[in-house]
Amino acid sequence: MTDHVTIRETLEYTVPLQGWENGDFSHLTHLDATSIKSVLREIIDRRHEPDYVIGLDDDRQVHILYADGAEVFTHRSHDSVIAHFRELTGYTGQLELFDDLADPDKSWNL
């Protein structure tokens, strides 16, 4: 299980102006600072990203999609489980398919 936290932090920092007294200060950053302190720190977002695993159950002859260890989808067709996984996650990468959508028994008769 992967959790993500977005934190907003406001920093206050002091930068020596050696030679920049009358110039544009927009280029100065906290990396130029001699002292830095955090003025405000708050969690503005928290989200959970489930860990997905595709497995199979030989006794039931089904392919299974698990999210965080819990069964969320089952089907005799491996490709149907892959399609459901893509639907849930938006994953567009390459995955091996069995071409068993039309014949869900195909993957069990290998």
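Annotations for the structure displayed:
- Accessible surface, the chain, averaged per residue in Å² (probe 1.4 Å): 75
- Close amide-amide hydrogen proximity is noted between PHE98 and ASP79, each under 5 Å apart and 5 or more residues distant or on a separate chain (H modeled in the peptide plane; Pro and chain starts excluded).
- The chymotrypsin sites (Phe, Trp or Tyr not before Pro) found in region 1-81 that occupy coil by DSSP, while having at most 14 further C-beta atoms within 10 Å, are TRP20, PHE25.
- With all protein chains in place and a 1.4 Å probe, the accessible surface of region 1-66 carries 49 percent carbon and sulfur.
- Remark: spin-label model distance LEU11-HIS30 equals 0.3 nm, labels positioned 7 Å along the Cα→Cβ axis.
- Looking at region 1-63, the trypsin sites (Lys or Arg not before Pro) that sit in a DSSP loop and have at most 13 other Cβ atoms within 10 Å of their own Cβ are ARG60.
- For ALA83 and HIS48, a Förster radius of 30 Å and the Cβ-Cβ distance give a FRET efficiency of 0.85, rounded to the nearest 0.05.
- Sparse packing (at most 16 other Cβ atoms within 10 Å of the Cβ) combined with a DSSP loop state is found for the following GluC sites (Glu not before Pro) in region 46-110: GLU96.
- Amide H contacts of HIS75 (H built 1.01 Å from N, under 5 Å, at least 5 apart or other chain): HIS63
- Each Cα pair under 8 Å and six or more residues apart adds its sequence gap; the mean of these over the residue count of the chain is a relative contact order of 21 percent.
The values are calculated or read from the model by the stated rules, or taken from the named source; none is laboratory data. As the structure is a computational prediction, the values presented were derived from the model and not from experiment. As a convention, Cβ positions derive from the backbone with ideal geometry for all residues, glycine included, and neighbour counts pool all protein chains shown. Calculation scope for accessible area: heavy atoms of the full protein, side chains included, ligands and nucleic acids excluded. Shrake-Rupley method; radii C 1.70, N 1.55, O 1.52, S 1.80 Å.
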